[in-house]
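Data first, discussion second: the structure below is written as structure tokens.
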Amino acid sequence: MRLKVEIFSQGEEVLTGQTVDTNAAWLAQKLVDMGFEVKRHTVVGDNLHDLQSLLQEISHRADCCICTGGLGPTIDDLTAQAVAEAFNQPLQLDPVALQQIAQYYSRRKRVMADANRKQALLPQGATRIDNEWGTAPGFSIQHNACWFAFVPGVPSEMKAMFDEKIAAILAQRFSLQPDRLVTLRSVGIGESDLQEKINKLQIPETVQLSFRAGTDDVQTKLLFPVATAQQQIKALVNQVVDSIGVYVFAVDNLDKRQGGLVDVIDQLMQQAGYSLSVQETATQGLIAAKCITRPWLRAANFSQSLVQLAGKLGVPINNGDYLSSAKNIALKIQQQDQTDIVLVQLYRGSAQRFQQKKQNIILYTVLLTADGTRSSVSTVAGPAKRKQNQAAIQALDLLRRYLQY
């Protein structure tokens, strides 16, 4: 049976939505990867009674709990006090923690306020978890069936303390056997269509199938039990990839992590030694932004007006044939930039239509290579930022398909 873990976030700002709890999502992924079963995410505000009640409940039902927030120096930081009272372990001054806090301020030529002494008060029997990235030390304590770890709510401090301190303690304290998660990343196909394609396959009941739609891709997740043989995993993953087809651009954690769409393109472009020029319209610089620092992106330009663009390049345009116009533009850019590949995307639709959520625009994308041209025509709708991002992803995916196939 897998070990049960809970994630507990403390803070009125998290409870009321003023601060988005990114800590819980990050911790959940880390803990699942280690082999825990995450049972609950809970948020409690700055209420001492609520904190004490939750701590007692968790101590009886979970094997482990990671708690974030409430370790600061102000009156609304109640975590240590709640633990002390809930577990009947009075607060005691930790002189090492106090010294570390004082040194933190001294190194920055600042005077430590008396309020910061509160951060050195830890429950009796707790083990200090040093914070080398901020002022608030964390601590751990066992109560009833559960081992608790308390860390600051500042994401940078929490992540560093988990990676550098807590992960090693968990691996030593618990016998963990993580399941194997393989993720297939795809573009140009929705969750329902993916489900339809995969329904034709016989997925073993022991394999958990799920989907996640993101802004840049749709992920098909296959969670295999820890004892599943590598040969069986590869066989099923290959069946799923074949059933989905060219929409799949990467498979993570089968042999290695391949990453996002631009990561895959980057590897393929560098392997082939290609260079790229991009002409953007609807994407308004987003293609270049997604490819930032990539050595193969030699030039990227943005123009909102097709007439101005054509005039600048000195090429003929045909308002009735956007693909033909895009090809002419690509040829001219290739002559100017001397790059191996040119990616040009035009769109039909006014600026007002682009801004309106319920209106669509038509994308015309052309890829010019040494083998000739490839093109696509598609329609995108939604808010302006969604149109912009979808246009960028579709253009990059046309490049990816050329490189992969």
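The values are calculated or read from the model by the stated rules, or taken from the named source; none is laboratory data. Not measured: the values here are computed from a predicted model. Cβ coordinates were reconstructed from backbone atoms using ideal geometry, including for glycine residues, and neighbour counts include every protein chain displayed.
Within segment 276-283, is even one residue within 24 Å of the chain's Cα centre (by Cα) and either without any contact (Cβ under 8 Å) to a residue 12 or more places away in the chain or surrounded by 18 or more Cβ atoms within 10 Å (Cβ to Cβ) (or both)? Checked against the condition, which is being within 24 Å of the chain's Cα centre (by Cα) and either without any contact (Cβ under 8 Å) to a residue 12 or more places away in the chain or surrounded by 18 or more Cβ atoms within 10 Å (Cβ to Cβ) (or both), segment 276-283 yields at least one hit. Here Glu164 meets each of (1) in contact with a strand residue (DSSP E or B) (Cβ under 7 Å, 6 or more places away or on another chain); (2) among the charged types (D, E, K, R); (3) farther than 24 Å from Leu55 by Cβ with one exception, condition (1).
Taking the conditions (1) farther than 30 Å from Leu398 by Cα; (2) at pLDDT 95 or above in turn, Leu194 satisfies each one other than (1). When the strands (runs of 3 or more DSSP E) confined to segment 206-299 are screened for residues that are closer than 27 Å to Ile341 by Cα and of a type in the set (Gly, Ala, Ser), those reaching at least 1 such residues are found at 248-252, 276-280.
Tell me the residue from Phe148, Phe162, Phe139 that is surrounded by 12 or more Cβ atoms within 10 Å (Cβ to Cβ), under 24 Å from the mean Cα position of the chain (by Cα) and either part of a helix (DSSP H, G or I) or not charged (D, E, K, R) (or both), please. Only one candidate passes the filter, namely Phe162. For segment 139-153, state whether one or more residues are farther than 23 Å from Arg173 by Cα and of a type in the set (A, V, I, L, M). Looking through segment 139-153, none of the residues is farther than 23 Å from Arg173 by Cα and of a type in the set (A, V, I, L, M).
Being in contact (Cβ under 8 Å) with a residue 12 or more places away in the chain, over 19 Å from Trp147 (Cα atoms) and among the polar types (S, T, N, Q) is the filter here, so list the residues in segment 1-18 that pass it. Of everything in segment 1-18, just one residue is in contact (Cβ under 8 Å) with a residue 12 or more places away in the chain, over 19 Å from Trp147 (Cα atoms) and among the polar types (S, T, N, Q), namely Thr16. Just wondering, is there one or more residues in segment 337-357 that are surrounded by 15 or more Cβ atoms within 10 Å (Cβ to Cβ), at positive phi, not assigned by TED's automatic domain parsing to the domain that holds Gly245 and not in a helix (DSSP H, G or I)? Yes: one or more hits. When the residues of segment 68-88 are filtered to those that are within 18 Å of Ile7 (Cα to Cα) and of a type in the set (Gly, Ala, Ser), the one that is surrounded by the most Cβ atoms within 10 Å (Cβ to Cβ) is Gly69. Among the residues making up segment 301-336, a single one is surrounded by fewer than 19 Cβ atoms within 10 Å (Cβ to Cβ), among the aliphatic types (A, V, I, L, M) and not in a helix (DSSP H, G or I): Val315. Is one or more of the residues making up segment 31-50 more than 17 Å from Ala126 (Cβ to Cβ), among the acidic types (Asp, Glu) and surrounded by 18 or more Cβ atoms within 10 Å (Cβ to Cβ)? Scanning segment 31-50 turns up at least one residue that is more than 17 Å from Ala126 (Cβ to Cβ), among the acidic types (Asp, Glu) and surrounded by 18 or more Cβ atoms within 10 Å (Cβ to Cβ).
Take the conditions (1) assigned to a helix (DSSP H, G or I); (2) basic (Lys, Arg); (3) under 26 Å from Lys30 (Cβ atoms); Arg128 misses just one of them, which is (1). Inspection of segment 9-19 finds no residue satisfying the criterion of being touching a helix residue (DSSP H, G or I) at 6+ places or on another chain (Cβ under 8 Å), crowded, with 16+ Cβ neighbours inside 10 Å and hydrophobic (A, V, I, L, M, F, W, C). Of the numbered criteria (1) polar (S, T, N, Q); (2) farther than 20 Å from Thr22 by Cβ; (3) not in a loop (DSSP other than H, G, I, E, B), the one Ser156 fails is (2).
Each row is one residue, and each column tells you yes or no for (1) of a type in the set (Ser, Thr, Tyr); (2) in the same structural domain as Arg386 (by TED's automatic domain parsing); (3) at pLDDT 95 or above.
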residue: Glu205; (1), (2), (3): no, no, no
residue: Arg212; (1), (2), (3): no, no, no
residue: Thr215; (1), (2), (3): yes, no, no
residue: Gln219; (1), (2), (3): no, no, yes
residue: Leu222; (1), (2), (3): no, no, yes
residue: Pro225; (1), (2), (3): no, no, no
residue: Lys234; (1), (2), (3): no, no, yes
residue: Val237; (1), (2), (3): no, no, yes
residue: Asp242; (1), (2), (3): no, no, yes
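Listed by position, the strands (runs of 3 or more DSSP E) inside segment 49-124 whose residues that are within 32 Å of the chain's Cα centre (by Cα) and at pLDDT 95 or above number at least 2 are 64-68. Within segment 358-372, residues that are farther than 22 Å from Gln388 by Cα sit with their Cβ atoms under 6 Å from residues that are modelled with pLDDT of 95 or more and in a strand (DSSP E or B), at 6+ positions apart or across chains, in these pairs: Thr369/Ile341.
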